[in-house]
């Protein structure tokens, strides 16, 4: 005789093909079970060894190449002496003549920034370092010419030949200050290791400031023109202040 519990027990429903398919569909919606889930804190993987040193090496190589290009360009920058400037701008005093020079340099620097920004309308990553280098060297040439001619206007031309003077103007550009006539820099000290480090630091600052110039869709053109105009005007104001007080 069967026990009451056995009589009341209901048989388990058979798993038909439809119910199995329904469960499989629900499993698909929930997604695969993550067997690796754990309450242990997540520790991010460390970057592969050699990645950061490689990036630092590329950055140093970029700064070194641009610094060498600026040094090579400095002696080739055409500089007008005071007599030539008076012939081109007759009847102007030192301050008025300096204003003319600054206005022209600021406009030229803005044009370079706008041109590089326009070229980066659809930026190609491999070309970005070359575009930044071209802008830095181009603006440096404009500002070196401005610094040299401001020294002519204020009667503060450094002693030495053309190469020695270009080294002095490059030192002025690197420090963003006027040249101290009583403490002229020799050619050897101007091209020494300490100067080259300072030059690379100046180029690094310019590079970081110029990165927004590579913004696509012509936004970089407007940004580049504005920032170069501002930086060149700021440099000119500092140099002129030193030359007036010298």
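Arranged from highest to lowest average of other beta-carbon atoms within 10 Å per residue, in what order do the peptides 145-158, 195-208 appear? Write down the numbers at each step before the final one.
Numbers: 145-158: 21.5, 195-208: 17.0.
Most protected by this proxy first, the peptides run 145-158, 195-208.
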Original post:
What FRET efficiency, computed as 1/(1 + (r/R0)^6) with R0 = 35 Å and r the Cβ-Cβ distance, is obtained for residue 230 and residue 161, rounded to the nearest 0.05?
Top reply: 0.55
Original post:
When ranked by the protection proxy of mean other Cβ atoms within 10 Å per residue, highest first, what sequence do the peptides 77-87, 104-114, 62-72, 165-175 form?
Top reply: 165-175, 104-114, 62-72, 77-87
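Read-outs: derived from the displayed coordinates by stated rules, not from any lab. Just so you know, these numbers come straight off a predicted model, no measurement behind them. Here the Cβ is made from the backbone with ideal geometry for all residues, glycine too, and neighbour counts use every protein chain on show.
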